[in-house]
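Working notes, structure below.
Laboratory data are not the source of any read-out in this text; all were calculated from the coordinates shown. Computed from a predicted model, the values in this text were never measured in an experiment. FYI the Cβ positions are ideal-geometry reconstructions off the backbone, even for glycines, and counts take in every protein chain you see.
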Amino acid sequence: MKFTDTGTGFSSPPCFAHELELSGDGFSMVDLQTAIEVERWRKAKRAELIAARLNLSDDDRRSHAGRVVNQLEQAIEDKENLVIGVYWPIKGEVDLRHWMHGVVGRGGRIALPVVVEPRQPLKFHAWTPGSRMKLGAWNIPIPAQNKEVKPDIVIAPLVGFDSDCHRLGYGDGFYDRTLMSLPTRPKVIGVGHSSGALTTIFPQPHDIPMDSIVTGE
Ligand SMILES: Nc1nc2c(c(=O)[nH]1)N(C=O)[C@@H](CNc1ccc(C(=O)N[C@@H](CCC(=O)O)C(=O)O)cc1)CN2
Ligand SMILES: Nc1ncnc2c1ncn2[C@@H]1O[C@H](COP(=O)(O)OP(=O)(O)OP(=O)(O)O)[C@@H](O)[C@H]1O
């Protein structure tokens, strides 16, 4: 990362006080130049990783999803007594819809993320195989009925991830904001492809690490 001397004794001009972000143990100064460079790097990585997974054949995609489901079955005990927040797949994300049907069939509860407003936490709405769906933000299907629930476990779709369990998503910070906002922090399991493994995502103060990652390896 490059650091620019602004000649003020500050690493960024003092008027960038609005760049202060609340982190786990208080406030920390986010260097504007660093943040811009990280954002630029993440944008390029996202495009590369999404393109790579969209290149998979339908067969590879199906067998990969099958292995991911086996690992989720092992990772989540007591599924029938939990609310599990999953997602409706877009852009080559691992398709867990078959598993979602199975969990509900065994008496479990599934919820899907809903964008309420930009730069605000997501809400989770209850879903069953019989739910009528409508199109939400980015044309992602969401349950037509708004029955909000609080997930015990969140399965977060990954574009990329690093060895400290930091998540690279689509760049709007929805999952981080959501985890910060929930009264009880759910267990978060990232789901993705091994091709999404990165040495680091250059974590920023707002990036909340997940509990574990499943890639079907
Ligand atoms: N399946 C799924 N549902 C989800 C999420 C998700 O990550 N996956 N979300 C998790 O937050 C929320 C939706 N957030 C989204 C945010 C941005 C874009 C998107 O396509 N953005 C850019 C492209 C980003 C890029 O490729 O650089 C665009 O508008 O083109 C899509 C969903 C709620 N539902
Ligand atoms: N509390 C916050 N949580 C997350 N992001 C925040 C927060 N406050 C501000 N932001 C800004 O929102 C953007 C989030 O980018 P980031 O790369 O972390 O998103 P992401 O985790 O890839 O996206 P998503 O969760 O939507 O898939 C950054 O520009 C960040 O500075």
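Note on the chain: antiparallel DSSP beta bridges, both residues inside, total approximately 50 percent of the bridges counted.
When T34, T128 are arranged by Cβ crowding within 10 Å, least crowded first, meaning fewest neighbours, the order is T128, T34.
Net charge around I90, counting only other residues with Cβ within less than 15 Å of its Cβ (Lys, Arg = +1; Asp, Glu = -1)?
+2
Taken about its Cα centre, the range 25-214 carries a charge dipole of about 660 debye when Lys and Arg each add +1 at the Cβ and Asp and Glu each add -1 at the Cβ. Taking other C-beta atoms within 10 Å as the exposure proxy, W127, W41 rank W41, W127 from fewest upward.
With the convex hull drawn over the C-alpha atoms of the range 73-217, the volume per residue is 111 Å³.
If you take all other residues with their beta carbon under 15 Å from the beta carbon of V159, and give Lys and Arg +1 and Asp and Glu -1, the sum is 0. Whole-percent P(r), the range 153-213, all Cα pairs, 10 Å bins from 0: 24, 60, 15, 1. Rounded to the nearest 10 degrees, the angle from helix 32-54 to the longest Cα principal axis of the chain is 30 degrees. Cβ under 12 Å from E77's Cβ, E77 left aside: what net charge do those residues give with Lys, Arg +1 and Asp, Glu -1? That sum, taken over residues with Cβ under 12 Å, equals -2.
Shape class of the range 57-100 from the Cα gyration tensor (axes a ≥ b ≥ c, square roots of the eigenvalues): oblate, since a/c reaches 1.5 or more and a/b does not exceed b/c.
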